[in-house]
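See below for the structure under consideration.
The values are calculated or read from the model by the stated rules, or taken from the named source; none is laboratory data. Computed from a predicted model, the values in this text were never measured in an experiment. Heads up, the Cβs are rebuilt from the backbone with ideal geometry, glycines too, and the neighbour counts pull from every protein chain shown. Accessible surface is based on the protein model in full, side chains and every heavy atom, while ligands, DNA and RNA are left aside. Shrake-Rupley method; radii C 1.70, N 1.55, O 1.52, S 1.80 Å.
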Amino acid sequence: MTAPEEERRVQDAVRRHARTRAFAEAEDVISAVLSDPGVQEARERVEAAETELGMELCARLQPFQDRYDQAVAEGDAARLTEVCVGKHGRSGRICVLPDGHETSMEEPHWGRNSEGRPIAWVGSAPDDW
């Protein structure tokens with residue numbers, strides 16, 4: 001191995017190490033913030049509000065859930081591509097409203113949570129939130 005190749009290999013290793021360390025440190029900070037009692041309380045309040053709003057909208061938006069369930073059962077990919085891309089990560093939520101509804105209908109995302117209860121939310125959280 002030539003000296004420039006060796007130097008490049010060492011620089012690449014240093015960059016990988018620095019990136020790995022930065023990600024680990026960021027993960028530690030995020031874990032500390034999310035484990036804070038105040039943050040946990042706020043998250044619980046948001047989830048309660050989302051569940052309440054989901055129940056309030058259920059009668060009006062349930063037909064969208066029914067259409068989504070039917071499309072899944074039939075494997076209707078064309079109909080599924082028309083569904084909103086909004087999701088809510090670990091909570092297992094998939095928005096069943098038509099794509100673009102946030103602007104045209106001024107509705108929050110709506111669907112069912114991982115327990116099958118109606119839920120509404122604004123925005124999309126990261127997959128691991």
Legend entry - Cα gyration tensor of region 1-60 - equivalent ellipsoid semi-axes, whole Å, descending: 49, 16, 4
Inset, instruction - Would you mind putting 60-73, 40-53, 20-33 in packing order, based on average other-beta-carbon counts within 10 Å, highest first? - result: 60-73, 40-53, 20-33
Inset, instruction - With a 1.4 Å probe and every protein chain left in place, work out the accessible area per residue of the chain in Å², rounded to a whole number. - result: 69
Legend entry - Accessible surface of the chain [probe 1.4 Å, protein heavy atoms]: carbon and sulfur percent: 56
Inset, instruction - May I ask what percent, to the nearest 5, of DSSP beta bridges between residues of the chain are antiparallel? - result: 90
Inset, instruction - Assuming a ≥ b ≥ c are the square roots of the Cα gyration tensor eigenvalues, decide whether the chain counts as rounded (a/c under 1.5), prolate (otherwise, with a/b larger than b/c) or oblate. - result: oblate
Inset, instruction - Return one number: the angle in degrees, 0 to 90 and rounded to the nearest 10, between the long axis of the Cα atoms of helix 3-34 and the longest principal axis of the Cα atoms of the chain. - result: 40
Legend entry - Formal net charge of residues neighbouring residue 39 (Cβ-Cβ distance under 13 Å; K, R +1; D, E -1): -2
Inset, instruction - Pairs of Cα atoms under 8 Å, at least six residues apart: use those to get the relative contact order of the chain, whole percent. - result: 21
Legend entry - Two-site label geometry, residue 31 and residue 2: point separation in nm, points 7 Å out along Cα→Cβ: 4.4
